[in-house]
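Handing you a structure now.
The values are calculated or read from the model by the stated rules, or taken from the named source; none is laboratory data. For clarity, every value in this text was computed on a predicted model and none was experimentally measured. Here the Cβ is made from the backbone with ideal geometry for all residues, glycine too, and neighbour counts use every protein chain on show.
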Amino acid sequence: MPAMARLRRLLPLLLVALVLAACRRQAPPEGGGTAGAPATLPALTLTDLSGHTLDLAALKGKVVIIDFWATWCPPCREAIPDLIDLKRRYGPKGLEVVGISLDENPDRVLPRFVRDFGINYPVVKGNEEIAGAFGGILGLPTTFVVDREGKVRSHFMGYVDKRRMEAAITGLL
């Protein structure tokens with residue numbers, strides 16, 4: 001039984017280590033973050049928190065930041081104020097931001113989270129099929145920058161500071 005007691009004490013630590021490994025603080029070199037990022041924005045119709053649909057194909061003509069995230073991911077939470085600011089500053093110039101939540105219970109956790117953070121961009125519910133259309137998401141946050149023609153120009157895994165994200169979008173606006 002002492003071995004079982006030790007295992008019970010170690011299990012929470014292992015779980016925390018797995019979460020931290022999935023939510024890395026530093027972004028790897030550009031191009032990481034998915035098993036195989038798509039060359040163009042996938043033609044998907046997503047559902048927001050109100051049940052309305054968002055057709056990604058309708059975003060052609062805009063520069064788009066697609067951010068895969070979850071409420072339980074600390075680096076994801078850290079990136080949200082930067083995305084809010086980028087949307088506020090560059091939205092009038094043609095920037096759109098779309099947050100794709102990979103939370104397990106989005107209807108329960110997202111409405112309050114979005115309200116408390118003051119998120120000013122669409123937040124939609126993600127799943128394995130949606131993540132797969134983006135090449136499979138290996139860690140959170142994973143962020144894609146898409147140009148006005150729908151081509152994926154950058155993708156990042158992990159927290160990306162505002163200056164680096166701004167550099168990725170300004171030449172496309």
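What are the residues in region 57-111 that are under 25 Å from GLU149 (Cβ atoms) and basic (Lys, Arg), if any?
Scanning region 57-111 gives LYS60, LYS62, LYS87, ARG88, ARG89, LYS93.
Which condition does LEU110 not pass, out of (1) outside any helix (DSSP H, G or I); (2) buried (at least 18 other Cβ atoms within 10 Å of the Cβ); (3) not hydroxyl-bearing (Ser, Thr, Tyr), if it passes all the others?
For LEU110, the exception is condition (1).
Let me ask another. Would you check if ASP103 is within 16 Å of the chain's Cα centre (by Cα) and in contact (Cβ under 8 Å) with a residue 40 or more places away in the chain? Before the answer, list the steps.
Details: within 16 Å of the chain's Cα centre (by Cα): yes; in contact (Cβ under 8 Å) with a residue 40 or more places away in the chain: no.
Here the answer is no, as ASP103 does not meet what is asked.
In region 144-166, which residues are surrounded by fewer than 19 Cβ atoms within 10 Å (Cβ to Cβ) and either in contact with a His (Cβ under 9 Å, 6 or more places away or on another chain) or part of a strand (DSSP E or B) (or both)?
LYS151, ARG153
Could you list, in sequence order, all residues of region 83-104 that are within 18 Å of GLY171 (Cβ to Cβ) and out of contact with any strand residue (DSSP E or B) (no Cβ under 9 Å at 6 or more places or on another chain)?
PRO92
With the requirement that a residue be touching a Gly at 6+ places or on another chain (Cβ under 8 Å) and either modelled with pLDDT under 95 or surrounded by fewer than 17 Cβ atoms within 10 Å (Cβ to Cβ) (or both), what does region 85-105 give you?
Result: GLY94, single match.
Let's see how each residue does on (1) at pLDDT below 95; (2) exposed (fewer than 12 other Cβ atoms within 10 Å of the Cβ); (3) more than 11 Å from TYR159 (Cα to Cα):
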position	(1), (2), (3)
PRO42	yes, no, yes
ASP67	no, no, no
THR71	no, no, yes
ASP82	no, no, no
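Against the definition (at pLDDT 95 or above, at positive phi and assigned to a loop (DSSP other than H, G, I, E, B)), how does GLY61 come out, yes or no?
Working: at pLDDT 95 or above: yes; at positive phi: yes; assigned to a loop (DSSP other than H, G, I, E, B): yes.
So GLY61 passes the test.
Does region 125-143 contain any residue that is basic (Lys, Arg) and assigned to a helix (DSSP H, G or I)? Talk me through it step by step, then tell me what you get.
Filtering region 125-143 down to residues basic (Lys, Arg) leaves 125.
With assigned to a helix (DSSP H, G or I) added as a condition, the list becomes none.
There is no residue in region 125-143 that is basic (Lys, Arg) and assigned to a helix (DSSP H, G or I).
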